[in-house]
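Laboratory data are not the source of any read-out in this text; all were calculated from the coordinates shown. Bear in mind the structure is a predicted one, so any value in this text is a computation, not a measurement. Note: ideal-geometry Cβ built from the backbone for every residue, glycine included; neighbour counts use all protein chains shown.
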Amino acid sequence: MIRRCLWGFQTLGVPLHRRPAALLKVANLSALSSHRDQPFRWVWHVALVLGYPFPVAGLRRLLRTKTPDAILKEAEASTEKLKRVLGPIDLIALGIGAVIGAGIFALVGTAAAGDPSRPGAGPALMLSFLLTGLACAFTGLCYAEFASLVPISGSAYTYAYAALGELLAWIIGWDLILEYAVGNVAVAVSWSGYFCELLRGLGIVFPPWLATDLRTALQSPEIRSSAPHVLGVPVVFNLPAVFIVIFLTLLLVIGIKESARFNTFMVGIKLVVLGFFVFVGMQYVEPANWHPFAPNGWAGIQAGAAVIFFAYIGFDAVSTVAEECRRPARDLPIGILGSLAACTVIYVIVAAVLTGMIPWNQLHTAEPLSVAMRVVHKDWAAGVVAFGSVVAHTAVLLVFQLGQSRIFYSMARDGLLPETFARVHPRFRTPHVATIITGIFVAGASAIASLEEMADLCNIGTLSAFALVCAGVIVLRYRDPLRHRPFRTPLVPVIPVLGIFSCLYLTLGLPITAWIRFGVWLLVGLAFYRAYSFTHSKLARSAES
């Protein structure tokens with residue numbers, strides 16, 4: 001260890017005459033004040049070996065945690081409070097609103113048929129849904145315990161702050177941007193595709209250059225030739241995606257109750273439409289389309305599970321409205337686990353009908369449910385499904401925008417982001433600045449981004465955050481076993497360990513490009529943490545004072 005530390009001091013530029021004292025500090029840090037923190041000594045060693053640019057005396061901050069009591073006390077003392085108006089039905093509706101969307105209406109086709117970078121699951125897509133649902137169930141149980149224990153808007157970020165320390169909390173918060181903001185870019189792009197499909201059903205043709213991403217336009221001579229040019233460069237962007245993001249951003253600024261009512265209305269519509277698809281599609285199911293059941297074996301099932309994990313993202317968004325619940329300790333577990341169970345049942349039924357209607361290798365399309373209806377010559381039904389998809393995507397966009405702004409709000413309240421993000425509107429009592437900034441980012445990115453790239457990046461970021469939440473349950477049970485928990489994850493540590501391994505297993509089904517982008521994203525996040533959050537953390541400042 002001494003050799004590694006000395007090499008780390010050299011990398012950090014610690015002067016020779018100060019290295020003995022710095023070495024003693026590291027030894028003291030490694031000893032720590034409690035035997036319960038011993039499993040985390042690796043952070044000091046890794047930071048030193050990699051030459052991470054933190055002052056040696058400040059390394060203790062990286063794993064400094066907030067107790068759940070301290071987190072709740074700070075939230076109560078804050079002058080920027082949110083309005084508590086949501087009940088259990090609102091939470092289940094928010095969960096279903098966030099989960100059922102682009103995954104089942106768009107990416108289910110890629111999961112079944114595959115693409116050049118991954119094999120398809122075929123009719124075994126039903127097993128892919130069950131595999132992903134099981135992984136999310138393990139994680140959902142861990143989320144439910146944390147949500148009842150620390151009912152604060154920061155979701156997994158706040159839970160990590162209580163169990164794993166500031167650095168890992170920051171990493172989770174940074175990963176959650178991939179889940180909510182980047183994930184919303186993918187949903188907005190998919191919304192645009194179904195919206196244009198709905199217009200075509202009504203006899204309205206939307207200009208392709210105004211409803212496509214940059215990569216698709218560059219690969220399509222037809223779109224490039226039809227687009228206007230500025231200095232020889234084609235002007236292409238996704239106008240419908242930008243429009244819907246701006247509209248929902250304004251709605252979220254107005255108020256949480258109004259947003260929840262709008263979401264509940266949309267959830268009702270999309271459940272009716274999915275029920276309509278199942279009812280009509282069952283009449284055209286051909287059992288021969290289910291053979292072979294798993295044409296690409298287990299590799300296809302795993303790859304399909306990794307893709308349609310995007311269809312499950314959102315159940316954790318329920319925890320981001322903890323500070324707007326009337327009885328969070330009771331209602332949050334109901335909202336998380338109830339929405340997850342309902343969505344799994346719906347997904348398996350829809351997958352069975354879809355793969356029974358048409359051969360699995362014909363499903364590689366952005367609108368698989370509508371295409372299935374056209375194949376059986378039910379164009380009017382395809383229009384109904386397209387309308388339901390537009391509504392479903394709108395609900396997902398609403399909840400994801402809601403979740404991202406609440407996470408920014410919590411991180412800013414802790415000092416890890418500028419205080420501007422923690423401002424609450426004096427009339428509407430919503431984090432309006434964080435909501436508007438999120439809307440600008442998502443609208444700008446959705447104007448040029450493609451669905452598959454954003455979905456893969458969203459999946460890997462969310463899976464890593466889920467795994468850390470499961471680890472946090474084990475750590476907090478070890479550190480604070482006597483604390484009252486309104487909801488307790490059963491069979492700890494078995495359930496959290498299964499959650500960790502299932503999440504890591506699903507990441508193996510993602511393409512290498514997703515891993516590369518994720519690595520770059522983490523490096524950018526660590527650089528921001530060093531440049532701003534490390535020195536502005538309110539927890540660190542209070543400890544110094």
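The relative contact order of segment 214-338, computed from alpha carbon pairs under 8 Å that lie at least 6 residues apart in sequence, is 9 percent.
Ratio to report: Rg/Rh of segment 137-251, with Cα atoms as the point set and Rh obtained by the Kirkwood method; give two decimals.
Ratio value, two decimals: 1.18.
When the P(r) of segment 64-142 is calculated, the portion above 19 Å amounts to 63% of the C-alpha pairs. Which log10 I(q)/I(0) values does segment 80-198 give at q = 0.17 Å⁻¹ under the Debye formula, counting every alpha carbon as one identical point scatterer? Computed log10 I(q)/I(0) values: -1.16. Report the label-to-label distance for Arg541 and Lys257 in nanometres (one decimal), using points 7 Å from each Cα along the Cα→Cβ vector. Between Arg541 and Lys257, the simple spin-label model gives 3.4 nm. Would you mind checking which residues have amide H under 5 Å from Ala211's amide H? H placed 1.01 Å from N; only 5 or more apart, or other chain. When sequence neighbours closer than 5 places are left aside, the close amide H contacts are Phe237, Leu239.
Each Lys and Arg Cβ is given +1 and each Asp and Glu Cβ -1; about its Cα centre, segment 68-544 then shows a dipole of about 860 debye. Placing unit charges on each Cβ (+1 for Lys and Arg, -1 for Asp and Glu) gives segment 318-433 a dipole about its Cα centre, and among Val385, Thr355, Ile407 the Cα reaching farthest toward its positive end belongs to Ile407.
For Thr158, what is the net charge nearby, where nearby means another residue's Cβ is under 11 Å from its Cβ and Lys, Arg count +1, Asp, Glu -1? For residues surrounding Thr158, the net value is 0. Taking amide hydrogens as placed 1.01 Å from N in the peptide plane, the amide H of Leu86 sits under 5 Å from those of Cys325, Arg326, each at least 5 positions away in sequence or on another chain. Each peptide in 159-171, 489-501, 429-441, 186-198 receives the mean, over its residues, of other Cβ atoms within 10 Å, and ordering these scores from highest gives 186-198, 159-171, 429-441, 489-501. Hydrodynamic analysis of segment 261-325 uses the Kirkwood radius over alpha carbon pairs. Inserted into Stokes-Einstein at 25 °C and 0.890 mPa s, it gives a translational diffusion coefficient of 158 µm²/s. Extension gain for Ser225 to Leu202 (0.36 nm times residue separation, less C-alpha to C-alpha distance): 5.7 nm.
Across segment 405-543, the fraction of Cα-Cα pairs farther apart than 24 Å, rounded to a whole number, is 52%.
If eta is 0.890 mPa s and T is 25 °C, what Stokes-Einstein diffusion coefficient results for the chain, Kirkwood Rh from Cα pairs, in µm²/s? Here the translational diffusion coefficient equals 102 µm²/s.
Dividing the mean sequence gap of close Cα pairs (under 8 Å, 6+ apart) by how many residues segment 364-464 holds gives a relative contact order of 15 percent. Quick one: Debye curve from the alpha-carbon atoms of segment 185-313 only, equal weights, vacuum; give me log10 I(q)/I(0) at q = 0.15 Å⁻¹ to two decimals. Each listed q maps to, in turn, -1.08. Sorted on the mean count of surrounding Cβ atoms within 10 Å across their residues, most packed first, peptides 300-307, 346-353 read 300-307, 346-353.
Mean separation of Cα pairs under 8 Å and 6 or more residues apart, divided by the residue count, gives segment 68-544 a relative contact order of 34 percent.
Picking from Thr489, Gly499, Pro511, whose Cα lies most toward the positive end of the charge dipole for segment 456-532 (charges on Cβ: Lys, Arg +1; Asp, Glu -1)? The residue sitting most towards the positive pole is Thr489.
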